[in-house]
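Q: Please find one structure pasted underneath; my questions will follow.
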Amino acid sequence: MAEIDELDGQYAEVEGRGAVTFIRSYPVPAAEAWAAVSTAEGLEGWFPSRVRIDHDAGIVAFGGDPNLESSAERIVDWEPPRRWAFEWGGDLMEFLVEGSDAEAELTLRNWLADTRTAARNAAGWHVCLAELARKLGRPEGPHDGGAGSGPDWDQLYEGYVAAGLPSGAPIPGREG
C-alpha cells in the first residue's frame, strides 16, 4: 500500500461541495508551470484527456480518453497567468499557479459533482501530477519509480480510501 506521507491529496467540503486539492512545488519558473496547465500543448502527456481550448467560444473540448466520451465544456474563469477553471463532466477543475522566475507552486483543485469520487479522483490526479513533474523535468523523489514508471494507481486508491476520503464511485474500465 502507498505510504500515507506520500498521499498529499486533501479532501474538504466547502459549502456542501466536496473537493480534492493538491499543492505541489516545482523548481521551474511560474510561467513554465502556467503553460503546462493552461495550454493544450502543456496539458498533453500528463492530463488524462486530449484538450483543445477555444477562448473565443469559452470552451474546452476533451477527447481521446477511453473511459470518457468526448465533450465540450465551459471555461468558468480565465485569469492568466495565474488561475483558470473549467467544467468537466459535472466537476469543476481549477488550476492556480503562483511563484517566481525560479519556483512555481501549483494548486490543482477538483470540485466534485459526486463526493464518492474523491478517493478515485485523488489517486488519478496523484498519478497525473507525477507525470507533470516528469514533463517539467523534475521527478518527484518517492513518486518516481524510474523511467517510464509512475506511482501505482491501485495502491494510491487504497491509501486514499484508508485515509478516509469518500469512495464508492464506479472505477472506469472495471466491472462492479
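Q: Order these peptides, 7-16, 157-166, by their mean beta-carbon neighbour count within 10 angstrom, highest first.
A: Working: 7-16: 13.4, 157-166: 18.8.
Put in order of decreasing packing, that is 157-166, 7-16.
Q: Using 0.36 nm per residue, how much length does the chain from residue 40 to residue 12 gain when fully extended, once their Cα-Cα distance is taken away? List each step's numbers first, then the result.
A: On the way: separation 28, 0.36 × 28 = 10.08 nm, distance 2.89 nm.
Length gained, residue 40 through residue 12: 7.2 nm.
Q: If you don't mind, there's one more thing I want to ask. Go ahead and set up a Gaussian network model of the chain, Cα springs under 10 Å, then flag whichever of 154, 101, 56 fluctuates most.
A: Highest fluctuation of the listed residues: 56.
Q: Multiplying the sequence separation of residue 25 and residue 116 by 0.36 nm and subtracting their Cα-Cα distance, what value in nm do you get? Write down the numbers at each step before the final one.
A: Details: separation 91, 0.36 × 91 = 32.76 nm, distance 2.77 nm.
Taking 0.36 nm per residue and subtracting the Cα distance, the gain is 30.0 nm.
Q: Using DSSP to call loops (not H, G, I, E or B), can you name the GluC sites (Glu not before Pro) in the stretch 36-130 whose Cβ has at most 15 other Cβ atoms within 10 angstrom? Could the numbers behind the result be given before it?
A: Values: sites: 41, 44, 69, 73, 87, 94, 98, 103, 105; in loops: 44, 69, 103.
Of the GluC sites (Glu not before Pro), the ones in loops of the stretch 36-130 whose Cβ has at most 15 other Cβ atoms within 10 Å are 44, 69, 103.
Q: Would the stretch 76-135 count as rounded, prolate or oblate if I go by the C-alpha gyration tensor, calling it rounded below 1.5 in a/c and otherwise prolate when a/b exceeds b/c, oblate otherwise?
A: Values: a/c = 2.83, a/b = 1.35, b/c = 2.09.
It is oblate, given that a/c is not under 1.5 and a/b is not larger than b/c.
Q: Taking the Cβ of each residue in 68, 43, 92 as the centre, tally the other Cβ atoms inside 10 Å and list the residues starting with the fewest.
A: Details: 68 14, 43 23, 92 19.
Sorted ascending by nearby Cβ count, the order is 68, 92, 43.
Q: For 132, 96, what ranking results if the residue with the fewest other Cβ atoms within 10 Å of its Cβ goes first? List each step's numbers first, then the result.
A: Numbers: 132 23, 96 18.
Going from sparsest to densest Cβ surroundings: 96, 132.
Q: Among 36, 57, 113, which one shows the biggest mean-square fluctuation in a GNM of the chain, springs joining Cα atoms closer than 10 Å?
A: In this elastic network of the chain, the residue with the biggest mean-square fluctuation among 36, 57, 113 is 57.
Q: Relative contact order of the chain, please, whole-number percent, based on alpha carbon pairs below 8 angstrom and at least 6 residues apart. Please list the in-between numbers first.
A: On the way: 321 pairs, mean separation 45.3, N = 176.
Over the chain, the number comes to 26 percent.
Q: So, R0 is 25 Å and r is the distance between the beta-carbons of residue 102 and residue 75; what FRET efficiency does that work out to, to 0.05? Write out the running numbers ahead of the final one.
A: Details: r = 29 Å, r/R0 = 1.18.
The computed FRET efficiency comes out at 0.25.
Laboratory data are not the source of any read-out in this text; all were calculated from the coordinates shown. Keep in mind it's a predicted model, so treat the numbers as computed, not measured. Every residue, glycine as well, gets a Cβ built from its backbone with ideal geometry; the counts of neighbours run over all protein chains shown.
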